[in-house]
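Asker: I'd like to ask some things about the structure below.
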Amino acid sequence: MNVDRIEFMAWMERIIERFDILMELVSGAKNQSTIIDGEELLDNQDILQMLKISARSLQRYRSSGKLPYYTISGKIYYKLSDVHQFIRESFTASMPKVKVNG
């Protein structure tokens, strides 16, 4: 099969256009976040990636009450503000006390 350059370029242009459409769809889906009462909700995967922790650690934080969560239609969500508060509390709890001589 011999395809001339003009046909090939037209074919490649159509493929690129379709990739652009797919890229827009993927970007739109990625930017879609769950928001309730103006507050962004994150799912388990978001938290695992954000905090770089294991699923077991996340479960432990939930069970101990350190990280509040909400169940909606059987799926677990976390308010972004609660996650920020959890990070602040964890950071201040792990900071060593410094003694000042004087």
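Asker: Taking Cα atoms of region 7-91, Rg/Rh with Kirkwood Rh, to two decimals? Walk me through the numbers before you get to the answer.
Answerer: Values: Rg = 19.1 Å, Rh = 15.4 Å.
Over the Cα atoms of region 7-91, Rg/Rh equals 1.24.
Asker: Take Arg5, Arg14, Arg62 and sort them by solvent-accessible surface of the protein heavy atoms, 1.4 Å probe, largest at the top.
Answerer: Numbers: Arg5 175, Arg14 125, Arg62 45 Å².
Sorted by accessible area, descending: Arg5, Arg14, Arg62.
Asker: Could you give the length gained on full extension between Ala10 and Phe91, defined as 0.36 nm per residue of separation minus the Cα-Cα distance, in nm?
Answerer: Additional length available on full extension: 23.5 nm.
Asker: Between beta-carbons, use under 15 Å as the cut-off and find the net charge around Gly38, counting Lys and Arg +1, Asp and Glu -1.
Answerer: -3
Asker: May I pose another question? Find which of Ser73, Phe86, Phe19 sits farthest along the positive direction of the dipole of region 7-91, computed with +1 on the beta-carbon of Lys and Arg, -1 on that of Asp and Glu, about the Cα centre.
Answerer: Positive-end residue among those listed: Phe86.
Asker: Quote the FRET efficiency, to the nearest 0.05, computed for Leu80 versus Glu24 with a Förster distance R0 of 30 Å and r equal to the Cβ-Cβ distance.
Answerer: Working: r = 26 Å, r/R0 = 0.85.
Given R0 = 30 Å and the Cβ-Cβ separation, E is 0.70.
The values are calculated or read from the model by the stated rules, or taken from the named source; none is laboratory data. These numbers come from a predicted model, not from an experiment. For neighbour counting, all protein chains shown are included, and Cβ atoms are generated from backbone atoms with ideal geometry for every residue, glycine included. When the accessible area is computed, the model is the full protein with side chains, heavy atoms only, and any ligands, DNA or RNA have been set aside. Shrake-Rupley method; radii C 1.70, N 1.55, O 1.52, S 1.80 Å.
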